[in-house]
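Below is one structure, written out as structure tokens; the observations come after it.
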Amino acid sequence: MSNRREILNLPNTITLARISVVPFLFFLLMSPGPFWSLVLAALFVIASITDLLDGFIARKYNLITTMGKFLDPLADKLIVNTAMILMIPIGRIDAWIVVMIIMRDLIVDGIRSIASSEGIYIQASVLGKQKTLAQIIAVTALMIHYPFFGLDAHFVGTVVLYVALLLTIYSGLDYFVKFYRGTGKN
């Protein structure tokens with residue numbers, strides 16, 4: 001019963017709802033046009049905001065669970081990486097950037113897993129959080145794609161994506177250094 005309660009608590013339910021957005025990305029990204037691009041971007045932003053909400057609730061009400069520690073970063077990566085991958089064939093993102101970002105995520109996950117098996121806990125860094133925020137802003141603008149409020153959303157998204165790429169590489173190196181030193185401290 002305790003395991004079932006852990007899975008079904010409010011923060012984990014919110015995280016699972018965020019994961020359920022992924023199939024909608026497929027359909028909405030294949031529906032061109034300004035209207036559906038805005039709908040998609042709004043859905044993506046709402047899903048991104050729920051990431052803050054589930055973390056806040058989990059910490060405030062002491063509902064942090066092993067399942068939540070697994071699901072939360074998985075949900076973030078599923079949504080952001082799926083969106084980026086789906087924007088490659090429609091020409092909104094260059095494939096090499098997506099490959100670099102996904103490679104970093106896999107390497108960092110591997111480092112954290114190895115560190116954990118050695119009793120070293122490497123916390124999510126401020127750089128990693130900045131990387132995620134930059135990715136969310138970039139992906140949102142690239143989803144909008146069309147001019148919006150006088151701004152070229154595609155151009156803004158591309159510029160922010162390059163910033164996200166730099167933060168991605170830098171935060172990946174930061175994780176490696178923390179692991180190498182064996183401290184796990186920020």
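When the Gaussian network model of the chain links Cα atoms closer than 10 Å, the mean-square fluctuations of Gly33, Gly150, Gly110 top out at Gly150. In terms of overall dimensions, the C-alpha atoms belonging to the range 2-181 reach 49, 37, 24 Å along their principal axes, ordered largest to smallest. Charges on Cβ only, +1 for Lys and Arg, -1 for Asp and Glu, centred on the Cα centroid of the range 2-181; of Thr140, Pro32, Val108, which one is farthest towards the dipole's positive end? The residue sitting farthest along the positive end of the dipole is Val108. Between Leu133 and Trp96, the simple spin-label model (points 7 angstrom out along Cα→Cβ) gives 2.9 nm.
In a simple Cβ point-charge model (Lys, Arg +1; Asp, Glu -1; nothing else charged), the chain has a dipole of about 460 debye relative to its Cα centre.
Spin-label model, Leu38/Leu78: points 7 Å from Cα along the beta carbon direction are separated by 2.9 nm.
Okay, which of the range 158-184 sit inside 18 Å, backbone N to the point 7 Å along the Cα-Cβ direction of Ile107? Answer for the range 158-184: 162-182.
Since every read-out is calculated from the coordinates, none of them should be taken as a lab result. This structure is a prediction, so every number in the text was calculated from the model and none was measured. As a convention, Cβ positions derive from the backbone with ideal geometry for all residues, glycine included, and neighbour counts pool all protein chains shown.
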